[in-house]
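Following: one structure in structure tokens, then a few remarks.
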Amino acid sequence: MTDLNLRINPITFWSMYDQSSRGRYGSQQRGAKAAPSTDREARALFHAKHKIAGASTRSSTSPRGLQSEMNSTRRIILVQTQAENAGAQEISRLVGAGLTALGYEVYNLFFFRKSESFDEPPNTFYCSPSRPGNPLALLRFLWQLGRHIRKIRPDAVLTFQHFGNVIGGGVSRLVSTAPVIANQVSSGMSMSWPVRAADIVMGSLGVFKYITVNSLDMQREYARYPASYRSRMKHVAHGFDDKSLDISKEAARQLFNLPLDAVLLGCAARLHPHKRLDAAIRLLAAEPSWHLALAGQGPDEGRLRLLADELKVSGRVHFIGEIPPQRMGEFLACLDVFVFPSQAETFGLAAVEAANAGIPSVVTDLPVLREVLSFEGKPAALFVDASDNAKLSAAVSRILADKTLSDRLRRNAKGLKSRYSVGTMVDEYVGILNQAI
């Protein structure tokens, strides 16, 4: 972990965006692109890639001038529950990198580390080595959380996920005067009623200065909340990093030791019952030529492996494990069809990334997925009742057999990149921060 007295240099965003294999904290590796040599150059590169309009790229390039600028920069803490390579963490990574490129001083604070493969951004801190398992460990975690926030002395705190909002937001307001911006990126299905009740109370009483939601469907879901809660809500659609790569399917599959000549379905998701990945595994029972690759980790892995054994398809189910964002493009390039049978989503970032990468996608027919997986009213995926195995299988078969359909979905998906740009998302957060601070 980094020293809390260290001030982050804006050029460190480069390590999170370079598609080459760069070291976590900027150490150059063979074949990688050279990092920007100045703060001005780094900001210009980020602005050019993501078209951020929120701030000037002017800065002094002398050490004294840069330090002076950084001392006057706003400090922002991004608070998450667990450190893993999942959707909410990808969004905070992109937001943090964007704010850093604009001159903000960004810190990433996680309750605990869930995944060893998590590629942590600069200035990352943990409150506990693992999930607190007893009252004493919980007290130590809360103390460390408050201690980090006090030492950083933020100008604003952005919290993510339901526990991040309720616990991170609550502790932050106890130890700091910084406004809290709560980001609702958890589906209602994942929240217990005590957490939901706490969220409603905290939002209604003003513990959260603002509350962001990432889709219009979520805005409708919160329509029944108290007016004082809804008055703080801001719609900020997720941006995403383009995961499409110019790599052959054969070369991509070799990277993950996947069969070269098989029909390969796949999904990138946390292995959790809410993702309903058992539905994807059941597809293989009636289709002996199909294989399935699952990228992710989570508590449902044991049950999914057992199901594959029971269905006698374990040899055709490939558990890739969790992969970092920088390698997601390689994984997607392996696939013939992206299958996303999730029961509940607030945005569906993985499905948007897959469709944008040109992978024909079959997804659960949820209102939020119909909203986000479209461009100018045209669908970018095939929607189906994923709880019905026969319908799910028929949808996958249709995409595999109908090239005209697959090509049409690919064409429609090309507009997703402009609809959900990282630059627009970061600009929205800059506007909210300007209002909150």
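Since every read-out is calculated from the coordinates, none of them should be taken as a lab result. Everything quoted here is computed from the prediction, not taken from an experiment. Positions of Cβ are generated from backbone atoms using ideal geometry, with glycine treated the same way; all protein chains shown enter the neighbour counts.
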Check your understanding: Restricting attention to the alpha-carbon atoms of region 98-208, what are Rg (one decimal) and Dmax (integer), both in Å?
Key -> 14.2, 41
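With +1 on each Lys and Arg Cβ and -1 on each Asp and Glu Cβ, and nothing else charged, work out how big the dipole of region 249-419 is about its Cα centre, in Debye to the nearest 20. If you can, show how the numbers build up before the last one.
Details: 22 positive and 20 negative charges, 80 e Å.
Using only the charged Cβ atoms, the result is roughly 380 debye.
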Point to revise | Placed amide H near Val263: partners under 5 Å, 5+ positions off or other chain | key: His291
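Compute the Rg to Rh ratio over region 249-419 from the alpha carbon atoms, using the Kirkwood formula for Rh, and round to two decimal places. Provide the component values of the computation, followed by the final result.
Working: Rg = 14.7 Å, Rh = 15.8 Å.
Using Cα coordinates only, the ratio equals 0.93.
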Review point. Straight-line reach from Lys312: which aspartates and glutamates have a Cα under 15 Å away, not including same-chain ones fewer than 8 places off?
Key: Asp278, Glu287
Study note, to complete from the structure: Fewest to most Cβ atoms within 10 Å: Glu84, Glu345, Glu301 sort as Glu301, Glu84, Glu345
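Hey, which of these cross-link pairs are over 29 Å Cα-Cα: Lys209/Lys275; Lys114/Lys249; Lys234/Lys378?
Checking Cα-Cα distances, Lys209/Lys275; Lys114/Lys249 exceed 29 Å.
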Point to revise | Hz values of 3J(HN,Hα) by residue in region 424-433 - Karplus curve (6.51, -1.76, 1.60), Gly and Pro given as x | key: 5, 4, 5, 4, 4, 5, 4, x, 5, 4
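Out of region 88-161, which GluC sites (Glu not before Pro) are coil in DSSP terms and have no more than 16 other C-beta atoms within 10 Å?
On the way: sites: Glu90, Glu105, Glu116; in loops: Glu116.
Loop-located and lightly packed - Glu116.
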